[in-house]
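Here the structure comes first, spelled out in structure tokens, and everything after it is commentary.
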Amino acid sequence: MKPAPFRLHRPDRVAEAIELLSVYGDEAKVLAGGQSLMPLLALRLARFEELVDLNRIGELSGISFDGEELVIGAMTRQADVEVAPEVRKSAPLLARALRYVGHFQIRNRGTVGGSLAHADPAAELPAVAMVLGAVVDVVGPRGARQVPAEELFAERWTTVLDVDELLVSVRIPVMPAEAGFAVEEVARRHGDFAMAGVACALSSGHGRVDRARIALFGVGRTPLLCPLVAKEMEGSLLDELHPAALDELAALATADLDPPDDVHATGSYRRAVAAHLVGRALINSLEELRRA
Amino acid sequence: MVAGRFVGQSVLRREDPRLVSGHGRYVDDVRVPGMVHAAFVRSHVARARIAALDVAAAERLPGVRAVYTARDLEPLIVGPLGATMYLSAPIPSPVALASGDVRYPGQPVALVLADSRYLAEDACELVRLDYDVATPVMDMETAAESEILVHPERGSNVVSQSRRWDDDLELAIRGAPYVVTRTFRQPRQSHTPMEPHGVVASWDRFDGELRIWCTSQRVHEVRATMGRVTGIPEQRIHVVQRDVGGAFGQKGAMRPEEIAVVLAACKAGVAVKWVEDRHENLVAGGHARSDRIAVTMGLDHEGGIIGAELDHLEDAGAYPSLGSVGGLVAMMFPGAYRMGGVNWSTRAVFTNSCGRAPYRGPWNIESLAREQIMDAAAREMGLDPVELRRRNVIARTDMPFTNASGMTYADIDPAAVLAETLRRFDYPEFLEEQSEQRGGGRRIGVGVSLFVEPTALGTGTMLGTEAAHVKVSLAGKVTVALGTSSHGQSIATTMAQIAADELGVDIEDVSVVDGETDITPIGGGTGGSRSGVIGGGATHRAAGHVRDKVLRVAAELMEAAPEDLETDRGRIQVRGTPTRSVSLAQVAHAAYVDTKLLPAGVEPGLEALVRYSTPAITFANACHICVVEILPSGQVEILRYVVVEDCGAMINPMVVHGQISGGVVQGIGGALYERFCYDEDGNPLTTTFMDYLIPTSTEVPFIEISHLNSPARGPGGYKGVGEGGAIGAVPAVRNAISDALGADVTDGVRPCDLFESTPLAGGSSR
């Protein structure tokens, strides 16, 4: 369990990191918190000649809020995000979801950007970013661009970023006052990757749902937004969303899922539990929304 | 039993300051000048002929010292590699490195020595290993009949089998008013000690001395094994271990890897370190459980047990490190109940999987089967499972009691333990609560498990005796050197408690030495819940011998009679007249220096080495009650866990609690989380802690533990307590789940097995 040889580059600035990525292309891998990459390297399931370590780049860490948008630097530790007052206030779903990410020791090292870029389909943060309408800032040799979270995840452990691009921050728009959130998951043990999970963000105005975002994780090759459920819900009167209606929405959200079997669960269980969790997430987020 | 000043008290563990502050000293902490590092090339398949093995490229990598295959090490081997106590068992001797073929995934094939572990692993990747892959035997159910043989030279996949069958009993069981039949399985488990296997070995060819630093349950066995394997005279082999990060049975015998490393050190003439990594430990470090038992029980109208039939099948893997546990399964099956008789057949089979190693109560499936079928029978009869137990349980008044399989118990009171557990738990109140909550739609269940635990097993083997060497220094300080050694049992604390009380000194004045072959008496080490009973007995007796001598010498010094003296805090005084006293140091001075002061006939010196042997198995007994809720997701939450244990006199209640708690956690793991899996082709699927799940602090409930005390007959009245927690927990948890479901859980369960809509959870699996 020792990694194959690699060269460790420790740039101090984003520009230097980009340059390294441009030079080495797919021989290089970005090292953020290391909570997924290091075990893969140690088991020699992944190998890279060059590691570009972002841990010395101060400009990649930090949380700022300008009244409209929460901006979290890619290297901000998950543990810091979890307790940051501005996160709890303007993106409470993120703080809640982080409690499910591994254990606190893992969150002390793990970063927000690392989790998004790693794109594990069973991870919480990608799904949360999708339902919150987050956008990631990406910098590369051809300049900067922004990618909405819902377009970020291409495949299992793969984003749409080019090999020489770096995810530098994530922007989370502030949600309207009338909003409700939920994150629900079932894992074998607390802190394990979810066998099935759901993140949900709802907002309303004048007694109607005006925006509904539901994303499933752990049941597909990427986190999965449920546009059909959003379409059904948006415009609905809150009063119409009674338990039977929510059950139908849960069924709709999970109708096309076909997750595989593995040692932890059967595919059919994952699908059934996902439906159960969508139902619970909708109930809980509606309740919060009604209180708001 | 009179509680002593230290014995019976929760004396803080003297091991803890270094262990909890990260200053334990494990094998990986050993550094020897010039030491190189080993890594293994392992088989990636379960069964294959080795078509080609080419190490040339690996040898050329800079920093690589040597690459060895079976051909290099075999000439050094002059004796069998198996553990001493199993040399006559019907199991194949392990091989250090595979030769010609591989028989389980992860089997070591070649060994690289390099300047660092990193380089060694790099070199492993350069070894060319080609196989002719063959179909493996992976299914224990069909292994005995399979034409594919795990060990072709043995002619059969059957390790051993036993049978005792009485046809009249069979008729009586089959004709009973209630006949209940079930088949229970338990998943394959790994022991997962925090510290995996490992060894550092150094061969000094000039003085002919072999030094070994290890992590084991028995250092003297390491010396015996390596003496036998290498032919190096045993007295020239020096084995040392410091802290051991758990073993649970996995470190009872040397692993083939460890033996290969020692051989490599001898061949290369340099010190070599190898520490198994977690992946290696999970795949090839020794497995356990993985057995199946079919039980038929016949009961009369009142619930009396007419008899039972067992058919036990055990997966031994390719190279088990112990013989079959089938005999003990059969002997212990009656547990704490009266039964008319037991018919049994047991069989252990080889498969192309990691070999079975003993694991905390290796025979535990007897308790699982008995306690689960008691619940199944009670449900079938419409009787409360506790009531069925009450009607059959044995009590102190039945002692000595020979159970239906022929095992004779002494000094236990299971009826009292059951009653005390129910009282602490408040069973009637729980039943009321349960029916209320069930009305509210919650799936809540309770499970009881009652069992008798054979401890300090091993009469007639290396495990039958243990010795302690108690020495008083010139300054009156005490050293206890033990043949047994600790892999987490707090022996340095508990044995000091015993010696301090016997000698009447402060516990700070007693040091315990273990884990070094040169300075400790020959001993069997820790395993089979024996160190408290046999090691404690030896310490008791050896300290008692020294005490007798101390009193005789002190009496002479004070011109008093020995029987008028007492010892307290390092002084020996005339009872009732504390002003007339001498210190232990003064006695030691007379014993070692001023020997003319010794009474006539008393030899100089103040030390004793006493070997103690238990006459028979020491029986302990416990009852567990578990309450679970099955959540709608199928996840199981343990709401309450109660244990009442009768392990006789306790040396240190806190240590006893630790032993029980650790065992219960491992049992919970076996019931709900742990399952080592292979696919059909023999590929291991659960090779990291992401997939092989052990319970963590978030899954473990508070465990309420209390005690009864039926002392054993040996010195101090101690009984073993190391394994019971793991034995009792699996049936308690499974019975609770079965109660919540109203259907039998007959294997380890995952949430997907208990989800509302799955067939098992929805109705009866019968």
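The values are calculated or read from the model by the stated rules, or taken from the named source; none is laboratory data. Keep in mind that what you see is a predicted model, and the values were worked out from it rather than measured. Cβ: placed from backbone, ideal geometry, glycine included. Neighbour counts: every protein chain shown. Just the protein is used for accessible areas: all its heavy atoms, side chains included, with ligands, DNA and RNA removed. Shrake-Rupley method; radii C 1.70, N 1.55, O 1.52, S 1.80 Å.
Give me Rg/Rg_expected for region A:7-53, where Rg uses Cα atoms only and Rg_expected = 2.2 N^0.38 Å with N residues.
Cα-based Rg divided by the globular estimate yields 1.11.
Taking only the Cα atoms of region A:179-291, how large is their convex hull per residue, in Å³?
88 Å³
Per residue of A:267-278, count partner chain C-beta atoms within 10 Å of its C-beta, then hand back the mean as an integer.
3
How much FRET efficiency would the formula 1/(1 + (r/R0)^6) give for A:Asn55 and B:Phe430, where r is the Cβ-Cβ distance and R0 is 56 Å, rounded to 0.05?
On the way: r = 53 Å, r/R0 = 0.95.
Efficiency at R0 = 56 Å is approximately 0.60.
Using the Kirkwood formula over every pair of different C-alpha atoms, what hydrodynamic radius in Å results for the protein assembly as shown?
Values: mean 1/r = 0.0313 Å⁻¹.
Its Kirkwood hydrodynamic radius stands at 31.9 Å.
I'd like the FRET efficiency for A:Asp247 and B:Glu380, computed as 1/(1 + (r/R0)^6) with the beta carbon distance as r and R0 of 51 Å, rounded to 0.05.
0.85
Am I reading the B/A interface right? What is its buried accessible area, both sides, 1.4 Å probe, to the nearest 100 Å²?
So the buried area, both faces added, is about 2300 Å².
Give me the accessible area of A:Glu178, 1.4 Å probe, in Å² rounded to the nearest 10.
A:Glu178 exposes around 70 Å² with every protein chain in place.
Determine, from the Cβ-Cβ distance of B:Trp165 and B:Thr142 and an R0 of 25 Å, the FRET efficiency 1/(1 + (r/R0)^6), rounded to the nearest 0.05.
0.60
So which of A:Lys29/B:Lys273; B:Lys273/B:Lys477; B:Lys251/B:Lys273; A:Lys2/B:Lys273; A:Lys89/A:Lys231; B:Lys251/B:Lys477 end up more than 25 Å apart, counting from Cα to Cα?
A:Lys29/B:Lys273; B:Lys273/B:Lys477; A:Lys89/A:Lys231; B:Lys251/B:Lys477
Of all accessible surface on chain B at a 1.4 Å probe, what whole percent is carbon and sulfur?
51 percent
When the distances between all Cα atoms of region A:58-173 are binned every 10 Å from zero, what whole-number percent does each bin get?
15, 52, 30, 3
Report, in deg cm²/dmol and to the nearest 500, the calculated mean residue ellipticity at 222 nm for chain B, where each DSSP H run with n ≥ 4 adds -39500 (n - 2.57) and the sum is divided by the residue count.
-8000 deg cm²/dmol
What does the extension gain come out to for B:Thr181 and B:Glu387, with contour length at 0.36 nm per residue minus their alpha carbon separation?
Working: separation 206, 0.36 × 206 = 74.16 nm, distance 2.00 nm.
Working it through step by step, the gained length comes to 72.2 nm.
Need one value for A:183-190: mean number of C-beta atoms belonging to other chains within 10 Å of its residues' C-beta atoms.
5
Just to be sure I follow: if Rg is taken over the C-alpha atoms of region B:615-715 and Rh is the Kirkwood radius over the same atoms, what is Rg/Rh?
1.09
Hey, got the dipole for region A:58-173? About the Cα centre, +1 on K and R Cβ, -1 on D and E Cβ, debye to the nearest 20?
440 debye
In square nanometres, what is one fourth of the surface area of the convex hull spanned by the alpha carbons of chain B?
With the hull built on Cα positions only, its mean projection is 35.4 nm².
Relative to the compact globular guide of 2.2 N^0.38 Å, what is the alpha carbon radius of gyration of chain A, as a ratio?
The reported ratio for this selection is 1.01.
On a 0 to 90 degree scale, rounded to 10, what angle separates helix A:267-291 from the longest Cα axis of chain A?
The angle comes out near 70 degrees.
So what is the diffusion coefficient of region B:1-116 in µm² per second by Stokes-Einstein at 20 °C and 1.002 mPa s, using a Kirkwood Rh over Cα pairs?
My calculation gives 116 µm²/s for D.
What do you get for GluC sites (Glu not before Pro) in region B:92-174 restricted to DSSP loop and a cutoff of at most 13 other Cβ within 10 Å of the site's Cβ? Don't skip to the end; give the middle numbers.
On the way: sites: B:Glu121, B:Glu125, B:Glu141, B:Glu145, B:Glu147, B:Glu153, B:Glu170; in loops: B:Glu145, B:Glu147.
Listed in order of number, the matching sites are B:Glu145, B:Glu147.
Between exposed chymotrypsin sites (Phe, Trp or Tyr not before Pro) in chain B, where DSSP calls loop and at most 12 other Cβ atoms lie within 10 Å, what's the longest gap? Mind showing how you got there, number by number?
Working: sites that count: B:Trp165, B:Phe206, B:Phe702.
Between exposed loop sites, the widest span is B:207-701.
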